[in-house]
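K.L.:
Submitted below is the structure of interest, expressed as structure tokens.
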Number of protein chains: 2
Amino acid sequence: MTELPKTMFAVVQKFDGYAKTATGPVIEQASDWLEEVEIPVPVPGPDQVLIRLRAASVNPSDIHFIKGEYGQPRIKGAPAGFEGCGDVVATGTGAEALMGQRVAFVASGSGAWAEYALTQAQMCIPLRPEISDDDGAAQIVNPLTAMAMVDIAKSAGESFVVSAATSQLGKLMCGLGRDLGLKPIAMVRRAEAVELLKSHGAAEVLVTTDGDVVEQFAQASATLKPRVFLDAVCDQLSEQIFCAMPNGARWVSYGKLSTEAPRLTQMGQLIFMSKRIEGFWLTQWMMSTPPEDQMRVVAEVQARFADGRWKTDVSTHLPLRNIVSGLADALKKSDGKVIITP
Amino acid sequence: MTELPKTMFAVVQKFDGYAKTATGPVIEQASDWLEEVEIPVPVPGPDQVLIRLRAASVNPSDIHFIKGEYGQPRIKGAPAGFEGCGDVVATGTGAEALMGQRVAFVASGSGAWAEYALTQAQMCIPLRPEISDDDGAAQIVNPLTAMAMVDIAKSAGESFVVSAATSQLGKLMCGLGRDLGLKPIAMVRRAEAVELLKSHGAAEVLVTTDGDVVEQFAQASATLKPRVFLDAVCDQLSEQIFCAMPNGARWVSYGKLSTEAPRLTQMGQLIFMSKRIEGFWLTQWMMSTPPEDQMRVVAEVQARFADGRWKTDVSTHLPLRNIVSGLADALKKSDGKVIITP
């Protein structure tokens, strides 16, 4: 085993706790929220592992988090970044089995946007050799969210609605829905995305900027009867879509791209049509889903990446040392994920 | 058996279907919605019974219904009124066992605001002799709703919130909550109602017109940790109350006294705090709850009325022939239920 350095380069949070306002997963300048530091390499405690980074992904939740809009408080001076892949280079008691393995991980002790990250052993998934580092870096948050949410949709009916469907997650969910024999209805902002989403598996694609999009949706809904609305936008149009859905419909919020506070114009539908409004959070799902169900889902995700059914579209590879200067610009490209490299 | 008349006096709906707007369970004049007619006495079909009315109650749902704001469409010319008590005077095939019995009922074939009502045998509850006609006329809708909703609250935690708590249903739920060892938090509009609600079982009573009611609630919530909000109002204050509740809170709408369309200002709470928004409808509960559970609840309701723990506060006895002229005025008294007599 090579000797580990005493210190590492890391991109860390500038603020503690939560913000008072929420303006969504966009930033003008990364330097408003993040700074570059040299800090001690963390030491794994019981059941923890230290991972030398190969690649980290940038998810909307990372941006919500550094802005203080996420469901966990920030810690000033701690590395940012939830998800990545890398090699386990040190382990605490109970985690020895992972030593030397290449793993996908969600950071729980010290973030992924650093030369070394720290997490619990159970937040690591050993990677099959066929899976690239880019795919490994985006193996957990989006794919597991997609699997878990489409599972919810499947348990409720034969069709479901996906907003912001051009996102990586949106495309994953449409494809997965089709593979499971469901009929996904995709909502997109631009007419140019219609064919793309159809090729990814959407049975219907509606353009949210069309003046009569609600009427179009009501027609599609009458035929396909979607029971679950997987919504990352949560604006007034979302509410109208929800109101046009049939009895028993569930509006499942998993993101908040819009800063609008939607009005509930038809509360009677909750009473008389057994509709409901709820949220989805992968962290909660991981805490409340039995390990054997999680393992099944994880194995299915790896199989899909290994045989090429799924792959991560990368828009930019951004070195760690360019995050503060370059992340805001890199995120403006909408054709794939920003992947951070050491 | 006495010969039945061919026709009967009835108060019937003037309109079909649903209204396009919802203005809540208040009326200026009953004649806007109802008229007096002499119509044929209905004949029970298979599993149906004909009931000679002793007393009928007036619930908020009746007013929503005649205005076309309820979850079932109106039928022009059909008698109004959901709930009452009376004597079974004719039965269809399969319902013979109820012949001659005094029953509480929910009308399903022909409404309760008439000399005779028609319903399914399974919508009838034979009444113990100790129970008065007034109590019999309000034996199902409010008491079963209270039992079912407090059951939901009990399954979720040790405290719950009730809005519009001075209603009959509000008082039932506070008392029932206390009896089950729970700590009800009652929301009332007028400070004069605070002591009344405490005597009915509320652990805390908050006055919605207080400028700092949300802060007061947040304090009570931090101590009592209510997980369920049983809400008949559903305005913006309701949303603020919901936002001040702890992790896992459920906002259960069962009425819409306010015409406001509340904004969802903290959708992130649905995601990160596992909160959700849903509805409760007794009809749905009766269709989806196993008969043995319903029987247990019905028996408990009768026991409470029979031994005097529960009674129906009556503000006015209103004869059937005075409904059209007198219902709007009778409903202005807020100290109890309007009971209709033949």
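K.L.:
If you take the residues of region A:1-59 that are open to solvent by less than 70 Å² (accessible area, probe 1.4 Å) and among the aromatic types (Phe, Trp, Tyr), which of them is nearest to A:Thr93 (Cα to Cα)?
P.N.:
Looking at residues that are open to solvent by less than 70 Å² (accessible area, probe 1.4 Å) and among the aromatic types (Phe, Trp, Tyr), I get A:Phe9.
K.L.:
Sort out which residues of region B:126-142 are surrounded by fewer than 24 Cβ atoms within 10 Å (Cβ to Cβ) and either under 12 Å from the mean Cα position of the chain (by Cα) or closer than 17 Å to B:Pro291 by Cα (or both), and write them in order of number.
P.N.:
Across region B:126-142, the qualifying residues are B:Pro126, B:Val141.
K.L.:
Next question. Looking at (1) at the interface with chain A (Cβ under 7 Å from one of its Cβ atoms); (2) over 14 Å from the mean Cα position of the chain (by Cα); (3) modelled with pLDDT of 95 or more, can you tell me which one B:Asn247 breaks?
P.N.:
B:Asn247 satisfies every listed condition except (1).
K.L.:
Which residues, counting only those in region A:276-305, are over 18 Å from the mean Cα position of the chain (by Cα), open to solvent by less than 60 Å² (accessible area, probe 1.4 Å) and facing chain B (nearest Cβ under 7 Å)?
P.N.:
Answer for region A:276-305, where residues must be over 18 Å from the mean Cα position of the chain (by Cα), open to solvent by less than 60 Å² (accessible area, probe 1.4 Å) and facing chain B (nearest Cβ under 7 Å): just A:Ile277.
K.L.:
For a quick check of your reading of the model, give me the residue pairs whose first member lies in region B:66-81 and is modelled with pLDDT of 95 or more, whose second is crowded, with 19+ Cβ neighbours inside 10 Å and among the acidic types (Asp, Glu), with beta-carbon atoms closer than 7 Å and at least 6 apart or on different chains.
P.N.:
So the pair list comes out as B:Ala80/B:Asp62; B:Gly81/B:Asp62.
K.L.:
Can you find a residue that is in contact with a Leu (Cβ under 8 Å, 6 or more places away or on another chain), among the β-branched types (Val, Ile, Thr) and open to solvent by 10 Å² or more (accessible area, probe 1.4 Å) anywhere in region A:244-263?
P.N.:
Checked region A:244-263: no residue is in contact with a Leu (Cβ under 8 Å, 6 or more places away or on another chain), among the β-branched types (Val, Ile, Thr) and open to solvent by 10 Å² or more (accessible area, probe 1.4 Å).
K.L.:
Does B:Lys311 satisfy the condition of being within 19 Å of the chain's Cα centre (by Cα) and either open to solvent by 40 Å² or more (accessible area, probe 1.4 Å) or not hydroxyl-bearing (Ser, Thr, Tyr) (or both)? Working first, answer last.
P.N.:
Working: within 19 Å of the chain's Cα centre (by Cα): yes; either open to solvent by 40 Å² or more (accessible area, probe 1.4 Å) or not hydroxyl-bearing (Ser, Thr, Tyr) (or both): yes.
It is true that B:Lys311 is within 19 Å of the chain's Cα centre (by Cα) and either open to solvent by 40 Å² or more (accessible area, probe 1.4 Å) or not hydroxyl-bearing (Ser, Thr, Tyr) (or both).
K.L.:
What is the one condition in (1) modelled with pLDDT of 95 or more; (2) at the interface with another protein chain (Cβ under 10 Å from one of its Cβ atoms) that A:Asp212 does not satisfy?
P.N.:
Going through (1) modelled with pLDDT of 95 or more; (2) at the interface with another protein chain (Cβ under 10 Å from one of its Cβ atoms) one by one, A:Asp212 breaks only (2).
K.L.:
Is it the case that region A:219-236 has a residue that's closer than 28 Å to B:Lys256 by Cβ, surrounded by fewer than 17 Cβ atoms within 10 Å (Cβ to Cβ) and within 14 Å of chain B (Cβ to nearest Cβ)?
P.N.:
Looking for residues that are closer than 28 Å to B:Lys256 by Cβ, surrounded by fewer than 17 Cβ atoms within 10 Å (Cβ to Cβ) and within 14 Å of chain B (Cβ to nearest Cβ), one finds at least one in region A:219-236, hence yes.
K.L.:
Separate question: Do we have A:Leu34 as in contact (Cβ under 8 Å) with a residue 40 or more places away in the chain and more than 30 Å from A:Cys234 (Cβ to Cβ) here? Break it down into steps so the answer makes sense when it comes.
P.N.:
Numbers: in contact (Cβ under 8 Å) with a residue 40 or more places away in the chain: yes; more than 30 Å from A:Cys234 (Cβ to Cβ): no.
Criteria not met by A:Leu34.
K.L.:
Still on this structure, I have one more. Given (1) outside any loop (DSSP other than H, G, I, E, B); (2) out of contact with any helix residue (DSSP H, G or I) (no Cβ under 6 Å at 6 or more places or on another chain), where does B:Arg309 come up short, assuming only one miss?
P.N.:
(1)
K.L.:
Follow-up question, since we're still on this one. Can you list residue pairs whose Cβ atoms sit under 8 Å apart, with the first residue in region A:205-231 being without any contact (Cβ under 8 Å) to a residue 12 or more places away in the chain and the second being surrounded by 20 or more Cβ atoms within 10 Å (Cβ to Cβ) and of a type in the set (A, V, I, L, M, F, W, C)? Count only pairs 6 or more apart in sequence or on different chains.
P.N.:
A:Gln216/A:Leu206
K.L.:
Of A:Thr166, A:Thr145, which residue is among the polar types (S, T, N, Q), under 22 Å from the mean Cα position of the chain (by Cα), within 30 Å of A:Ile339 (Cβ to Cβ) and open to solvent by 40 Å² or more (accessible area, probe 1.4 Å)? If you could, list the steps in order and put the result at the bottom.
P.N.:
Numbers: A:Thr145 fails: open to solvent by 40 Å² or more (accessible area, probe 1.4 Å).
Matching residue, one of A:Thr166, A:Thr145: A:Thr166.
K.L.:
OK, next. In region A:153-268, which helices (runs of 4 or more DSSP H) lie fully inside it and hold 2 or more residues that are β-branched (Val, Ile, Thr)? It would help to see each step written out before you state the result.
P.N.:
On the way: elements: A:168-179, A:194-200, A:213-224, A:236-243.
The helices (runs of 4 or more DSSP H) meeting that bar are A:213-224.
K.L.:
Kindly evaluate B:Tyr18 against the criterion of being more than 22 Å from B:Met286 (Cα to Cα), within 14 Å of chain A (Cβ to nearest Cβ) and modelled with pLDDT under 95.
P.N.:
Against the criterion (more than 22 Å from B:Met286 (Cα to Cα), within 14 Å of chain A (Cβ to nearest Cβ) and modelled with pLDDT under 95), B:Tyr18 qualifies.
K.L.:
Can I ask one more? Which number in (1) open to solvent by 20 Å² or more (accessible area, probe 1.4 Å); (2) touching a helix residue (DSSP H, G or I) at 6+ places or on another chain (Cβ under 6 Å) marks the one condition that A:Met99 misses?
P.N.:
Status for A:Met99: all satisfied but (2).
K.L.:
Looking only at region B:60-96, filter to residues that are open to solvent by 60 Å² or more (accessible area, probe 1.4 Å) and either of a type in the set (S, T, N, Q) or within 14 Å of chain A (Cβ to nearest Cβ) (or both); which one of those is nearest to B:Pro342 (Cα to Cα)?
P.N.:
Looking at residues that are open to solvent by 60 Å² or more (accessible area, probe 1.4 Å) and either of a type in the set (S, T, N, Q) or within 14 Å of chain A (Cβ to nearest Cβ) (or both), I get B:Pro60.
K.L.:
I need a count of the residues in region A:254-274 that are at the interface with another protein chain (Cβ under 7 Å from one of its Cβ atoms) and at negative phi. Break it down into steps so the answer makes sense when it comes.
P.N.:
So the first thing to find is which residues in region A:254-274 are at the interface with another protein chain (Cβ under 7 Å from one of its Cβ atoms), and the list is A:254, A:256, A:261-265, A:267-268, A:270-272, A:274.
Among the residues that remain, those that are also at negative phi are: A:254, A:256, A:261-265, A:267-268, A:270-272.
Counting residues in region A:254-274 that are at the interface with another protein chain (Cβ under 7 Å from one of its Cβ atoms) and at negative phi gives 12.
K.L.:
Please pick out the residue among B:Ala112, B:Ala90 that is of a type in the set (A, V, I, L, M, F, W, C) and assigned to a strand (DSSP E or B).
P.N.:
Working: B:Ala112 fails: assigned to a strand (DSSP E or B).
From the options B:Ala112, B:Ala90, the qualifying one is B:Ala90.
K.L.:
Within region A:312-340, how many residues turn out to be among the hydrophobic types (A, V, I, L, M, F, W, C) and either assigned by TED's automatic domain parsing to the domain that holds A:Gln168 or in a strand (DSSP E or B) (or both)? Talk me through it step by step, then tell me what you get.
P.N.:
Taking region A:312-340 first, the residues among the hydrophobic types (A, V, I, L, M, F, W, C) are A:314, A:318, A:320, A:323-324, A:327-328, A:330-331, A:338-340.
Then keep just the ones that are either assigned by TED's automatic domain parsing to the domain that holds A:Gln168 or in a strand (DSSP E or B) (or both); that gives A:314, A:318, A:338-340.
Total satisfying the criteria: 5.
K.L.:
I'm trying to understand the selection: among the residues of region B:169-193, which are touching a Leu at 6+ places or on another chain (Cβ under 6 Å) and open to solvent by 20 Å² or more (accessible area, probe 1.4 Å)?
P.N.:
Across region B:169-193, the qualifying residue is only B:Lys183.
K.L.:
While we're here: Being among the charged types (D, E, K, R) and touching a His at 6+ places or on another chain (Cβ under 9 Å) is the filter here, so list the residues in region B:138-171 that pass it. Explain how you work it out, then say what you get.
P.N.:
Step one: of region B:138-171, the residues among the charged types (D, E, K, R) are B:151, B:154, B:158, B:171.
The one that is among the charged types (D, E, K, R) and touching a His at 6+ places or on another chain (Cβ under 9 Å): B:Lys171.
The values are calculated or read from the model by the stated rules, or taken from the named source; none is laboratory data. In this text the structure is predicted, and so the values were computed from the model without any measurement. All Cβ positions, even for glycine, are placed from backbone atoms using ideal geometry, and neighbour counts span all protein chains on display. Ligands, DNA and RNA are excluded from the accessible area calculation, which covers all protein heavy atoms including side chains. Shrake-Rupley method; radii C 1.70, N 1.55, O 1.52, S 1.80 Å.
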